[in-house]
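Enquirer: One structure is given below, represented as C-alpha cells, and several questions about it will come after.
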Amino acid sequence: MANRKAFVLILTEMGQIVNVLNTIHGKKGIEEVDVIMGPYDIIATLSGADTNEIANIVVNSIHSVAGIKHTVTLMAV
C-alpha cells in the first residue's frame, strides 16, 4: 500500500513562527515545513502508511508543540 500524504496548515501565536517551524522540522513523518503568507503561518507536508499514522503525527508531533494556535489537516486523495 502506498503512503498517504497530508498537508497541515498551522496558525501560530504571535512571534512563534520560527520556534514552531524549528520544533516540527525533521520529526518523523513530517517531510517538509514552509512558512507561508495568508491566514496561516506554516504549511507542513506529512507522509504516513495510512490515515491513522497521519493522525498520530498530527496529534503527537504537531498539536503538542507550544505556540500553535490552530491547525487544519488536509488529506491528499
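Enquirer: For the chain, place one equal point scatterer on every Cα, skip the solvent, and apply the Debye formula. What is log10 of I(q)/I(0) at q = 0.15, 0.16 Å⁻¹?
Expert: Normalising to I(0) and taking log10 leaves -0.44, -0.50.
Enquirer: Going by amide H atoms built from the backbone, whose H comes under 5 Å of the H on K69, apart from near neighbours?
Expert: For K69, whose amide H was placed from the backbone, the distant partners under 5 Å are L11, T12, E13.
Enquirer: Here is a further query. Note down the relative contact order for the chain as a percent, whole number, built from C-alpha pairs under 8 angstrom at least six residues apart. It would help to have the intermediate numbers written out before the result.
Expert: Numbers: 141 pairs, mean separation 36.5, N = 77.
Dividing the mean separation by the residue count of the chain yields 47 percent.
Enquirer: Also, I was wondering about something else. Taking θ = phi - 60°, what integer Hz values does the Karplus form 6.51 cos²θ - 1.76 cosθ + 1.60 yield along segment 62-72, in sequence order, with x for Gly and Pro?
Expert: Karplus values, whole Hz, x for Gly and Pro: 10, 4, 7, 7, 5, x, 8, 8, 7, 9, 10.
Bear in mind that the values in this text are calculations on the coordinates, not laboratory data. Keep in mind that this is a model prediction, so the values were computed, not measured.
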